[in-house]
Amino acid sequence: MSKNLKNIGLVSGLTLTSRVLGLVRESVTAAFFGTSALMSAFVTGLQLPNLFRRLLAEGGLTAAFVPTLNEQLERRQREGAFELVNKVSSWLLLVTSGVVAVAMLVFSQDSLIRSVGQTLGAGPDAVDRWVDAAHFTVILFPYLLFVSLAAAFSAALQSLHRFLEPALSPIWLNLSIIGLLAGSAYVARGHPEDQILWLTAGWLIGGFLQMLVPALALRREGWRPQLDLGVNEPLRAMVRLMVPTLFSSSIYLVNMTASRYIGLSLNDQAVAVLNYAQRIMELPIGVFAVAVATVVFPLISRFAAAGDHANLAASYRKGMRLILLINIPAAVGLGILATPIIRVILQHGEFGHGDTDLMTPVLIANALGLPFLSFASLALRAFYAQRDTVIPVHAALLSFSVNIVLSLALMRPYSIVGLAIASSAAAAVQAIYLQWHLARKQDGLAFHHLAGDLWKIVFAAAVMGVVVWAGWWARGVFLPASRTLDVGGMAVVIAVGILVYGGLAWLLRVEAREDVDALLGRFRRKFGRG
């Protein structure tokens, strides 16, 4: 497991860098556009390219591509694997180009968008917001083409145990957006309609870099790009596995997309607020949950291909313990410190105090779903590694239904908070459903193996939460309100909270603590040598 811990540490470290840059990106974006209707329209316009990216590429493709590619590496070594990479990237280029062309044609029809909005009962203001969002969709859809190919190249690198370039991929996007927005401050200051176009250009340029860097890394591994639209049995097997995952692997983004379009009908601010809350949430999800799932998935895929169910189950349980050990206290801390976190990261420029008050309960509601989202990210991969796509489809449909029903039921009485509650509830239903069926497939994957550690983690996180809440309350009583003191106060209470939680986890002998200690030891040795 030491090599896997090293890979998890690498992915976690780079993902942390990416997420921090992502928060800087959102902070800059909030300063320029706040929670304006223009920002809500932009976020909604970006949502569809992101949805198709996950459905065609990162979700269904990766889930089907990695196990099939591992089989080719076992049978035909790199020659067979690179042949499959060429076939997949060629077909992906063809399909995504068609999707982009059709989408740009459809969303450029203002009369069609207005007709759909009026048919669904949206008011005149909501219909105008839908039209603005459609304009951004047309501009941003080429992003799908770049990042779809990037997902294929990154999946191939991960199967070759190269995790550096895939983990670096989001960094190029964030740097591109931050750089373009900074440029707009000099060229288009005071003209938000022009500055939003600079933001759009940042996404497109960043998407191209996300494709280019892993492609160059894959070429250094011996891959030579070649247009190949031929069909062979590995490709057919991958497609058979991929088609059902199109409905399941990206259900979280499907739910978020539904929330965005429902929110666009609610008011000018809803979509922007939901987006900012989601971006903050992605820090704990991306830094550890995605890192663990990224490294564990190829591992359990190989065990599944070899019929080694005991090691598959052991790796799954170890990965899940690590996810729960980190993300449960992260959810507690995020909920308790929601207001100061928003104030420090976002509250400046066009994002005011009232926006912070509006967003705080939304972030708290999202934090409730964090452990379930993290849990489901690995549970889904356990199904895909065993080539079971039926249960994930059922889970996706169930989760999507819960989200839509609760969103429509809660949006009027609870406004934006109701949409966030619906999303978290859908994530919880999906996670519980997936784990229940994993236990039915194999006892080694059953939750009772994790239950003992779970209660210890929950207890330690609850005590940590009390300490963090008391520390922040004391800061408010004895120190005046200021941005600098907010940053310092958060640093202190978070550090104390981590020490309390880590100490309790160690005293309670949570099983995953040895893996975390080994991971931290690796970082200590690295910095010590430096």
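The values are calculated or read from the model by the stated rules, or taken from the named source; none is laboratory data. All values derive from a computational prediction rather than experimental measurement. Cβ placement follows ideal geometry from the backbone for every residue including glycine, while neighbour counts extend to all protein chains displayed.
Looking only at residues that are of a type in the set (A, V, I, L, M, F, W, C) and modelled with pLDDT of 80 or more in the stretch 259-280, which one is farthest from the chain's Cα centre (by Cα)?
In this case the residue turns out to be Ala270.
Just wondering, is there one or more residues in the stretch 456-464 that are surrounded by fewer than 19 Cβ atoms within 10 Å (Cβ to Cβ) and either modelled with pLDDT under 90 or closer than 21 Å to Ala385 by Cα (or both)? No, the conditions are met nowhere in the stretch 456-464. The numbered conditions (1) at pLDDT 75 or above; (2) over 26 Å from Ala396 (Cβ atoms) are all true for Thr119 except (1).
Selection over the stretch 153-202 of residues that are crowded, with 19+ Cβ neighbours inside 10 Å and free of Cβ contacts under 8 Å to residues at least 24 places away in the same chain gives a count of 1.
Conditions tested, residue by residue: (1) closer than 21 Å to Leu373 by Cα; (2) modelled with pLDDT of 85 or more.
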{"site": "Leu283", "(1), (2)": "yes, no"}
{"site": "Ala291", "(1), (2)": "yes, no"}
{"site": "Ile300", "(1), (2)": "yes, no"}
{"site": "Gly319", "(1), (2)": "yes, no"}
{"site": "Leu324", "(1), (2)": "yes, yes"}
{"site": "Ala331", "(1), (2)": "yes, yes"}
{"site": "Ala338", "(1), (2)": "yes, yes"}
{"site": "Leu346", "(1), (2)": "no, yes"}
{"site": "Met359", "(1), (2)": "yes, yes"}
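Taken together, the residues in the stretch 151-176 that are charged (D, E, K, R) and touching an Asp or Glu at 6+ places or on another chain (Cβ under 8 Å) amount to 1.
Inspect the stretch 249-258 for any residue being more than 28 Å from Arg129 (Cβ to Cβ), under 17 Å from the mean Cα position of the chain (by Cα), part of a loop (DSSP other than H, G, I, E, B) and modelled with pLDDT under 85 and give the result as yes or no. Yes, the conditions are met somewhere in the stretch 249-258. Among the residues that make up the stretch 227-243, is at least one of them surrounded by 21 or more Cβ atoms within 10 Å (Cβ to Cβ) and either touching a strand residue (DSSP E or B) at 6+ places or on another chain (Cβ under 8 Å) or at pLDDT 85 or above (or both)? No. Residues in the stretch 78-126 that are among the hydroxyl-bearing types (Ser, Thr, Tyr) and free of Cβ contacts under 8 Å to residues at least 24 places away in the same chain: Ser111, Ser115, Thr119.
The set of residues in the stretch 187-204 that are out of contact with any Leu (no Cβ under 7 Å at 6 or more places or on another chain) and β-branched (Val, Ile, Thr) contains only Val187.
For the stretch 131-163, a residue qualifies if it is at pLDDT below 80, over 18 Å from the mean Cα position of the chain (by Cα) and in a helix (DSSP H, G or I), and exactly one does: Ser159. Filtering the stretch 479-502 to residues that are of a type in the set (A, V, I, L, M, F, W, C), part of a helix (DSSP H, G or I) and within 25 Å of His348 (Cβ to Cβ) leaves Leu485, Val487, Met490, Ala491, Val492, Val493, Ile494, Ala495. When Leu10 is tested against (1) touching a Phe, Trp or Tyr at 6+ places or on another chain (Cβ under 8 Å); (2) surrounded by fewer than 17 Cβ atoms within 10 Å (Cβ to Cβ); (3) modelled with pLDDT of 75 or more, only condition (3) is not met.
Screening the candidates Ser176, Ser184 for the property of being among the small types (Gly, Ala, Ser), in contact with a Gly (Cβ under 7 Å, 6 or more places away or on another chain) and over 24 Å from Pro225 (Cα atoms) yields one hit, Ser176. Output yes when any residue across the stretch 388-395 is in a helix (DSSP H, G or I), aliphatic (A, V, I, L, M) and at pLDDT 85 or above, and no when none is. Looking through the stretch 388-395, at least one residue is in a helix (DSSP H, G or I), aliphatic (A, V, I, L, M) and at pLDDT 85 or above.
Of all residues in the stretch 295-338, those being charged (D, E, K, R) and within 24 Å of Trp455 (Cα to Cα) number 3.
In this structure, is Leu48 modelled with pLDDT of 85 or more and either out of contact with any strand residue (DSSP E or B) (no Cβ under 8 Å at 6 or more places or on another chain) or within 20 Å of Val138 (Cβ to Cβ) (or both)? No: the conditions fail for Leu48. As a summary of the residue check, Ser401 satisfies the conditions (1) modelled with pLDDT of 90 or more; (2) farther than 26 Å from Asp357 by Cβ; (3) among the polar types (S, T, N, Q) except for the one numbered (1).
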